[in-house]
Amino acid sequence: LVRATKLAPNLPGPWRDLGICRAETDQWGSAALALARAIELDPPDQLSASLLLHARGHECIWDRFDALRRSILDAVEHPPPDIRRVVSPFAFQAINDDPALERAAAMRHAALEFLAPCATRPARRPASGRLRVGFLSPDLNGHPVGRLVVGLIERLDRARFEVHAYDCNGPQVDGIWRRIRAASDRFRSIPVVDAREVADAIRADEIDVLIDLTGFTGGSNLSILALRPAPVQINYLGYTGTLGSAAVDWIVADTYCIPDDLAHTCVERLLRVEPCYMPPCDDRAGDVAVARTDYGLPEDAVVYAAMSAPYKILPERFDAWMAILRAVPASVLWMRTIGPVAVRRVLNRAESLGVDPRRLRYASNEDVPRYLARFRLADLFLDTYPFGSHTTVNDALSAGLPVLTQAGRTFASRASASQVIAAGLPELAAASLEEYADIAIALGLDRPRLRESSLRLRANRSLKPFFDPDAYARAFEAAIERAWKE
């Protein structure tokens with residue numbers, strides 16, 4: 001692709017493809033440069049625009065952010081008649097809180113990028129024996145999806161369900177991968193993803209209910225579902241939004257994430273799992289010992305944890321975090337590790353907003369037990385919006401760290417609040433950025449109240465169904481049986 005851009009430097013296609021390839025290998029800075037060049041050569045290319053915003057987000061490049069965001073939103077709301085390339089629905093979730101626009105983006109993406117849905121579906125097997133349920137994903141490993149689903153697969157009632165797993169990323173062998181493989185009645189690892197090959201395998205196994213765990217996230221292949229290998233097909237967990245395709249029958253959600261009055265914004269029917277659609281991770285920190293001194297955190301400070309992926313941090317959210325630090329003098333912001341150039345940008349912005357850069361701290365990547373244990377060192381988790389930190393919120397709540405979030409209208413902007421409410425802390429689900437900042441400041445200035453929230457959360461771990469993986473498995477089983485019957 002680099003050679004192609006040299007041979008045809010004025011063609012946008014090679015630049016776009018180069019940017020996509022670099023993004024897929026986490027070369028975000030060089031991806032942004034290639035995508036910016038693609039847009040210079042083809043200004044209406046909203047696929048490149050949405051991916052450029054995503055790549056810049058990973059690098060915390062926030063200059064000209066508002067103009068680029070506005071152009072993407074306008075393109076989805078008022079698409080040109082000769083539309084050829086549409087925004088990435090996954091990247092769009094980070095900037096959009098209108099479920100109607102999300103549906104429009106998903107439908108166009110599904111229609112342009114994947115096979116058309118097959119008009120017929122396989123005949124249903126006779127209603128005898130166990131229901132065959134297939135889980136389809138490239139992330140059946142230590143990925144957040146794998147961590148969330150492994151406990152569910154292990155707990156499904158084998159008297160009622162026969163579990164098949166389809167690993168579409170080749171063997172990514174780790175502890176989670178081994179557990180999922182051991183818990184499955186049949187486990188297929190398919191290293192080369194060809195939609196027809198995977199669909200043929202699913203069809204040969206006579207799967208009754210196929211559950212897609214990927215949606216429009218990395219490694220997505222909606223064409224597999226479009227080929228209709230199973231009579232019932234479900235969108236679950238990996239992507240918090242409609243897939244915009246008639247190939248998918250149901251989307252798993254709870255009544256908070258997608259209220260009844262917004263059901264029309266999903267192409268799929270709503271399949272409810274209450275009180276929260278997301279299963280509790282059954283990973284635990286165990287007896288891992290951590291201390292604030294291990295991470296350079298002041299013992300006497302209020303520690304706000306913001307462990308979100310950087311592309312989810314919009315500039316107005318970061319500015320609100322700095323306002324919170326200014327209002328709570330004895331406080332620090334503890335963020336997930338990012339690249340050194342991105343760190344410099346963040347520190348410069350903090351300083352420009354009147355915050356000493358030394359009040360920002362970073363946590364490096366660690367193994368899961370220690371990663372979970374370190375949540376205990378913080379006082380309050382600050383979530384992102386409109387794309388919340390869904391699995392990270394799950395981890396924080398499970399570790400006993402209260403989470404402050406802001407709820408919007410899309411599934412992606414309500415998934416964190418759904419968990420916070422199910423965990424018994426409804427007062428920490430704000431309705432606006434202003435209310436979000438006010439709550440964070442009030443708690444930071446009232447440490448006894450902040451401590452009470454943490455104690456109440458930890459007590460709720462033995463009281464609330466949200467924290468009970470067995471209760472979740474029973475609710476999920478009932479939902480799957482409903483989808484099959486209806």
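Could you tell me the extents of region 412-465's C-alpha atoms along the three principal axes, largest first, rounded to whole Å?
Each principal axis gives a Cα extent; for region 412-465 these are 32, 31, 11 Å.
If one computes the Cα centroid of region 302-356 and of region 1-45, what distance in Å separates the two points?
Rounded to whole Å, the Cα centres lie 30 Å apart.
Assign unit charges at the C-beta atoms only (+1 for Lys and Arg, -1 for Asp and Glu), then state the dipole size of region 77-157 relative to its Cα centre in Debye, rounded to the nearest 20.
Working: 11 positive and 9 negative charges, 123 e Å.
For region 77-157, the charge dipole is close to 580 debye.
Output the relative contact order of the chain, whole-number percent, from Cα pairs under 8 angstrom with separation of 6+ residues. Let's see the in-between values first.
Details: 921 pairs, mean separation 65.4, N = 486.
Worked out over the chain, it gives 13 percent.
Keeping the other protein chains in place, figure out the carbon and sulfur percent of the accessible area of region 417-486, with a 1.4 Å probe. Show your work: numbers first, answer last.
Details: 1840 of 3310 Å².
Result for region 417-486: 56 percent of the exposed heavy-atom area is carbon or sulfur.
At a Cα cut-off below 19 Å, give the aspartates and glutamates reachable from Lys6, other chains included and same-chain residues fewer than 8 away excluded.
Asp17, Glu40, Asp42
Where the centre of each part is set by its Cα atoms, how far does region 222-279 sit from region 189-205, in angstrom?
Region 222-279 and region 189-205 have Cα centres spaced 22 Å from each other.
Under a point-charge model restricted to the Cβ atoms of Lys and Arg (+1) and Asp and Glu (-1), what is the dipole moment magnitude of the chain relative to its Cα centre, in debye to the nearest 20? Intermediate results must be reported in sequence, preceding the final value.
Details: 59 positive and 62 negative charges, 128 e Å.
Using Cβ point charges on Lys, Arg, Asp and Glu, the chain gives about 620 debye.
Considering the options Leu297, Ser331, Asn348, tell which one lies farthest towards the positive end of the dipole of region 279-382, charges being +1 on Lys and Arg and -1 on Asp and Glu at the Cβ, about the Cα centre.
Checking the options against the dipole of region 279-382, the answer is Asn348.
How large is the convex hull of the Cα atoms of region 1-153 per residue, expressed in Å³ as a whole number?
Hull volume over Cα atoms, normalised by residue count, gives 181 Å³.
Just for the Cα atoms in region 307-395, what are the lengths along the principal axes, largest first, rounded to whole Å?
Ordered largest first, region 307-395 gives principal extents of 36, 26, 24 Å.
Provide the convex hull volume over Cα atoms per residue for region 172-230, in Å³.
On the way: hull volume 5.5 nm³, N = 59.
So the per-residue Cα hull volume is 94 Å³.
For Phe114, tell me the accessible area in Å² from a 1.4 Å probe, rounded to the nearest 10.
Roughly 40 Å² of Phe114 is accessible to a 1.4 Å probe.
Any chance you could look up the accessible area of Val290 with a 1.4 Å probe, heavy atoms only, rounded to 10 Å²?
30 Å²
Rounded, prolate or oblate for region 167-300? Axes are the square roots of the Cα gyration tensor eigenvalues, ordered a ≥ b ≥ c, and the cut-off for rounded is a/c under 1.5. Could the numbers behind the result be given before it?
On the way: a/c = 2.38, a/b = 1.37, b/c = 1.74.
It comes out oblate by the Cα gyration axes.
For region 133-276, what is the accessible area per residue in Å² when the probe is 1.4 Å?
31 Å²
Kindly provide log₁₀ I(q)/I(0) values, in the same order as q = 0.18 Å⁻¹, from the Debye equation applied to equal alpha-carbon scatterers of region 74-204.
So the normalised log intensities are -1.08.
Can you give the Rg to Rh ratio of region 337-449, both from alpha-carbon atoms, with Rh computed by the Kirkwood formula? Intermediate values should be presented prior to the final figure.
On the way: Rg = 14.8 Å, Rh = 15.3 Å.
Rg divided by Rh gives 0.97.
Quick one, which of [x] 22.5, 68; [y] 31.9, 106; [z] 30.2, 100 is the actual Rg and Dmax of the Cα atoms in Å calculated for this model?
The value matching this structure is [x].
Heavy-atom accessible area of Leu152 with all protein chains present, probe 1.4 Å, nearest 10 Å²?
The value for Leu152 is about 10 Å².
Starting from a Cα-only point model with no solvent, please compute log10 I(q)/I(0) by Debye for region 234-286 at q = 0.19, 0.22 1/Å.
-0.61, -0.77
What ranking, highest mean first, results for peptides 294-304, 174-184, 94-104, 133-143 when packing means the other Cβ atoms within 10 Å averaged over each residue?
Details: 294-304: 15.5, 174-184: 17.6, 94-104: 20.7, 133-143: 25.1.
The peptides rank, most packed first, as 133-143, 94-104, 174-184, 294-304.
Please list 63-73, 194-204 highest first by mean number of surrounding beta-carbon atoms within 10 Å per residue.
On the way: 63-73: 14.5, 194-204: 16.5.
Those peptides, ordered most packed to least, come out 194-204, 63-73.
Run the accessible area of region 1-113 with a 1.4 Å probe and give the carbon-and-sulfur part as a rounded percent.
Numbers: 3010 of 5330 Å².
For region 1-113, the apolar C and S fraction of the accessible surface comes to 57 percent.
Which whole-number value in Å² is the accessible area per residue of region 58-107, probe 1.4 Å? Kindly include the intermediate steps, with their values, before the conclusion.
Values: 2230 Å² over 50 residues.
With the other protein chains kept in place, region 58-107 gives 45 Å² per residue.
The values are calculated or read from the model by the stated rules, or taken from the named source; none is laboratory data. For clarity, every value in this text was computed on a predicted model and none was experimentally measured. Every residue, glycine among them, receives a Cβ derived from its backbone with ideal geometry; neighbour counts consider all protein chains shown. SASA here: full protein model, heavy atoms, side chains in, ligands and nucleic acids out. Shrake-Rupley method; radii C 1.70, N 1.55, O 1.52, S 1.80 Å.
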